[in-house]
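Have a look at the structure below, then the notes.
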Amino acid sequence: MLQLRDITKTFRGPRKTVRAVDGVSINVGAGEFVAIRGPSGCGKSTLLLTAGALLAPDAGSVLLDGRDVYALSPEARAALRARSIGFVFQRFHLLPYLSARENVLAASIAAPAPDAGSRADELLRQLGLEDRADHLPAQLSTGERQRVALARALLNNPRLLLADEPTGNLDPENGQIVLKALADFAARSGAVLLVTHDPAATTLATRVLSMSAGRLVNGAPSC
């Protein structure tokens, strides 16, 4: 499903050029939950943004179902993201003036569907948020906010979920709820790529890789 081929990304800093990702190759197939562990600053988030068609690499290619996402026009790439990729971030990125349900439905703006409302309600129910649907983010706990963000990521029935430190701000109980939801998504033939510095966040992954200084360090890249 997702193929990262020899991805390299550099950034020009005030004193030197930093190679954030250095020749990384990974395949994530349907039904897989792949976790990448590594310390802060090792390039994990840069790699995830590149995988999600949000940050073009300097070299290498990103293929989703065999299509080179960076060969597409910006409009086609945005449409692909909206319909095929769900994102879950550590800081949630919820709109503070929208209710939990409205935040979930925000994902349907770029990919309208006639059943978006009923699907949002069902996702909120599955994630234990049915009675919080009309609450604003400020009225929700940290764990509840992350579950709203997860429901938003799932709304458009994506084929791929990309998760950047999704349990970083959560207590162990809420962290396990989020990880189980990711594992369940993979079990239904979805694909999950998670990046984290927390060993506990990899407990339900089907495959765990390690990253340091922009490179995979636990043997040869997984292909």
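List of remarks:
- The chain: C-alpha gyration tensor shape, a/c 1.5 cut-off, then a/b vs b/c: prolate
- Using distinct alpha-carbon pairs, which all enter the 1/r mean, Kirkwood radius of the stretch 122-202 in Å: 13.0 Å
- Reported value for the stretch 118-165: 78 Å³ per residue, from the convex hull of its C-alpha atoms.
- Equivalent ellipsoid dimensions for the stretch 1-114 as semi-axes, Å, which come from the Cα gyration tensor, largest first: 26, 19, 15
- The Kirkwood radius of the stretch 1-66, taken over pairs of alpha-carbon atoms, gives through the Stokes-Einstein law at 4 °C and 1.567 mPa s a diffusion coefficient of 104 µm² s⁻¹.
- Summing Lys and Arg as +1 and Asp and Glu as -1 over all other residues whose Cβ lies under 15 Å from the Cβ of residue 204 gives a net charge of 0.
- Inter-label distance, nm, simple model (7 Å from Cα along the C-beta direction), residue 203/residue 139: 3.2 nm
- The charge dipole of the stretch 111-171, taken about its Cα centre with unit charges on the Cβ atoms of Lys, Arg (+1), Asp and Glu (-1) only, comes to about 160 debye.
- For the stretch 169-210: rounded, prolate or oblate by the Cα gyration tensor [a/c cutoff 1.5]: oblate
- Think of the stretch 1-113 as a dipole: +1 on every Lys or Arg Cβ, -1 on every Asp or Glu Cβ, centred on the Cα centre; then among 51, 85, 64, 51 lies furthest on the positive end.
Any read-out appearing in this document is the output of simple, stated calculations on the displayed coordinates, not a laboratory observation. Bear in mind that the values here come from a model prediction, so they are computed numbers and not experimental data. Every residue, glycine among them, receives a Cβ derived from its backbone with ideal geometry; neighbour counts consider all protein chains shown.
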